[in-house]
Structures are given as structure tokens and as C-alpha cells.
Amino acid sequence: MTRQPSIFVSHGSPTLPLERGPAVDFLRGLGGALGRPEAILMVSAHWDTGRPAVSAAKKPETIHDFYGFPPPLYQLRYPAPGAPELANRVSALLEAMGLRPDIDPQRGLDHGAWTSLYHMYPEADIPVAQLSIQSHLGPAHHVRLGEALRPLRDEGVLIMASGGATHNLSELSYQRGNPVPQPWVVEFNDWLADAVLAGRRDDLIAYREKAPNAVRNHPTDEHLIPLFVALGAGGPGAAAQRLHSSISSGVISMDAFRFD
């Protein structure tokens, strides 16, 4: 099997499947650039549980976990097959690390999972399982979670973390449609990329204290948390790449990273 990377993508608005622009162009090319994995393990900011949970649905439903958006968005489906065997493998790896995972036999794919895959693998024919985050446990816990998952990469599984390099919806309400990136967003975004590319894991884990404008860009942790799973799955000293960088509506970074 071809060894797979771990990646982090910013999924932006739920309307991503209907949008055009640099981030969509990037995602449309990303599936081809990565090749076809045996399966995908999605880690989305939109499934947040008390302890790790992994979905084992045979036919995961497309979850429209948002409201007030254009009607055509609610008609979209991403009918990828599930990956129950992968879910069991994930559960065993987490148990071996002393974590106590749950297996959810019915959980579908939330918009943090399916909207990016909609562009990356439009055929929806690659098995997908989803792993929850535990945002209350912070970045270091999620690095450990990623470390537990690292063997999957040698088993042909793409570990794909989906969140947001920045995520402040209050600011978005003021800036929506503004094409000019705000300086406080650019400063944080550049710090994040520098820390990732330089492998400054400790600084990343402590980003709320270390990074400029961290709390303004992330009033809460959950949208950056998936990055730490991808980071942990990459391993110490892993080569990191910034796959994409763009900012939507002045405040929403769509940055993406790869760890090998």
C-alpha cells in the first residue's frame, strides 16, 4: 500500500460545495495530487465529544448541520461508503494508547467532513470513517491522538483533519464580502504557518499564549484542534508543507498543511 500523509484543510463556510475561488480550485486539485487512498479517516471540528468516538456506519448519511443557507445546499449529498473495519482499527489503536474510545454505529458525515471531500473526491467512492475531537482537552491531547493513529498511514489510510486556520464568526458578520485580509488575521496566519513549517510543536500547542492575536482569531479552540491531530499523525520531525493559503471575507483563513 502507498504510504499516506496526514493533512489539515480549512473548510470555511458550509456553502463551500457551491462556491468558486482559490480555495475551491485548490481542493479540486488536491484529490488528484494525493492519489487514491484505501480509506479516509476524517477528523472534523464539528463532532466534539467527551471522549474519542469513531463512526462505523456502513452508509454514512450526509449531515446538514447548519441553518439559514441557500436551499440547493440542503439537496446535496455525499454518499461515500462507510468504513466499519477502519473504525474498529482506530478504536484498537486508541485503546493501545490508553484512550477510551466509543464506536458510533450510526454517525454520518458532518459538513466539516463532507464539504471538502465533495470537491476532492467527487465520485464519493472512497470509504470514510470519522473521528471526533475533544476540544475541552486541548491541543496536547490531540497531538497524542494523532500519534496513536500514525500506523494507519502505512495501511493506505489518509488522515484528513478539517477545521479552520482562523475562525471568528463574530468578525465574519462584520467583514462578510470584504476582499481585503485583515492585518490581525494575516499576522496570526503567518505565525501559524511559520510554526508548522519549522516544526515548533511546543509553540503550536501553546498557541493561545504564543501566537499574535490568537484569541481574536480563535475565540474557542475547536476549529484549530484538528490541526493537532494531523500534526501528531505526522510524527516528530515530519516534513511539513503549506499546501494552500488564502483568506476569505477578510477574516477566514483557508490554509492547508501536509505532514509526511
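The values are calculated or read from the model by the stated rules, or taken from the named source; none is laboratory data. If you're wondering where the values come from, they're calculated on a predicted model, not measured in any experiment. Virtual Cβ from ideal backbone geometry, glycine too; neighbours counted across all protein chains shown. Side chains are part of the model used for accessible areas, which takes the heavy atoms of the whole protein and leaves out ligands, DNA and RNA. Shrake-Rupley method; radii C 1.70, N 1.55, O 1.52, S 1.80 Å.
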If we scan the range 94-109, do we find a residue that is of a type outside the set (Ser, Thr, Tyr), touching a strand residue (DSSP E or B) at 6+ places or on another chain (Cβ under 8 Å), open to solvent by 10 Å² or more (accessible area, probe 1.4 Å) and closer than 29 Å to Ser246 by Cα? no
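So that you can scan it fast, the table gives a plain yes or no per residue for (1) in contact with a strand residue (DSSP E or B) (Cβ under 8 Å, 6 or more places away or on another chain); (2) assigned to a strand (DSSP E or B):
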| site | (1), (2) |
| --- | --- |
| Gln4 | yes, no |
| Gly29 | no, no |
| Val43 | yes, yes |
| His46 | no, yes |
Report yes if some residue within the range 211-224 is in contact (Cβ under 8 Å) with a residue 60 or more places away in the chain, farther than 13 Å from Ala165 by Cα and part of a loop (DSSP other than H, G, I, E, B); otherwise report no. no
Output the residues belonging to the range 105-141 that are part of a helix (DSSP H, G or I) and β-branched (Val, Ile, Thr). Thr115
Give the range 72-92 a look and list any residue that's open to solvent by 20 Å² or more (accessible area, probe 1.4 Å), in a helix (DSSP H, G or I) and either of a type in the set (Phe, Trp, Tyr) or without any contact (Cβ under 8 Å) to a residue 60 or more places away in the chain (or both), or say none. Pro72, Tyr74, Gln75, Pro84, Glu85, Asn88, Ala92
Taking Arg3, is it open to solvent by 20 Å² or more (accessible area, probe 1.4 Å), in contact (Cβ under 8 Å) with a residue 40 or more places away in the chain and touching a Lys or Arg at 6+ places or on another chain (Cβ under 7 Å)? yes
If we keep just the residues of the range 110-166 that are hydroxyl-bearing (Ser, Thr, Tyr) and in contact with a helix residue (DSSP H, G or I) (Cβ under 9 Å, 6 or more places away or on another chain), which is nearest to Ala39 (Cα to Cα)? Tyr121
Given the conditions (1) in contact with a helix residue (DSSP H, G or I) (Cβ under 8 Å, 6 or more places away or on another chain); (2) open to solvent by less than 30 Å² (accessible area, probe 1.4 Å); (3) under 14 Å from Pro139 (Cβ atoms), and given that Thr220 satisfies all but one, which numbered condition is not satisfied? (2)
